[in-house]
Amino acid sequence: MQMVGQRGPLISMTQVGINLVKNEGLRALYMGLTPGLVRSVFYGGLRLGLYEPSLRLSEMALGSPNIFTKIVIGAFSGALATAVTNPVEVLKVRMQMERLITKGQLQELRKMAADEGLTGFWKGAGPEMTRAAVFTASQLATYDETKRLLRKECPRGLYKGAFASFTRVGPQTTITFIRCEQLRGIGLKAL
């Protein structure tokens, strides 16, 4: 899907799948599946498995962790998990793009090391680590804080500040929708 626009006009994902099966066979749909699954298992395990021990270390060093500490630890866990699993991600993408059906995965890893050196295994790692850091930080810190809040204050603790928030957001949302309708009225149909 990512390269389709570079090869011609954009088409739907369904059409890409149909063309792929027609031109390259059903097996082409599964190119990169093995490295994709390996990466998912290790990435998921690492990002979750690094979070708790890091949180405990932080607790021993700094005391009870606050939301900002949890965000930093989540970002660290996600970024490190991506850094460790990036070589498998690179392999998966190459298998999907270069159709390495007859070569083996280990042979491709050796070829990558010979042609590009070790740095080839971490192509694209920077943006991917950033994405994983934000994703993991927001997911795990939010989960931890919500769990703590529910244990400490029961479900009604979730509604603290709801009235103040509504008095701020309610009028702003109403004005936004009124403006949207006015723009539609003058011919801006994309809204």
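None of the figures in this text is laboratory data; all of them are computed from the coordinates on show. Since we're looking at a predicted model, the values are computed, not measured. Glycine gets a Cβ as well: all are built from the backbone with ideal geometry, and neighbour counts include every protein chain shown.
The residue that is nearest to the chain's Cα centre (by Cα), counting only those in segment 42-65 that are small (Gly, Ala, Ser) and assigned to a helix (DSSP H, G or I), is GLY44. When segment 114-165 is examined, which residues are found to be of a type in the set (Phe, Trp, Tyr) and either outside any helix (DSSP H, G or I) or within 20 Å of LYS70 (Cα to Cα) (or both)? PHE135, TYR143, listed by residue number. In the condition set (1) in contact (Cβ under 8 Å) with a residue 40 or more places away in the chain; (2) farther than 30 Å from ASN23 by Cα, GLY161 is compliant with all but (1). Can you find a residue in segment 65-78 that is farther than 18 Å from ASP144 by Cβ, hydroxyl-bearing (Ser, Thr, Tyr) and without any contact (Cβ under 8 Å) to a residue 60 or more places away in the chain? Scanning segment 65-78 turns up no residue that is farther than 18 Å from ASP144 by Cβ, hydroxyl-bearing (Ser, Thr, Tyr) and without any contact (Cβ under 8 Å) to a residue 60 or more places away in the chain.
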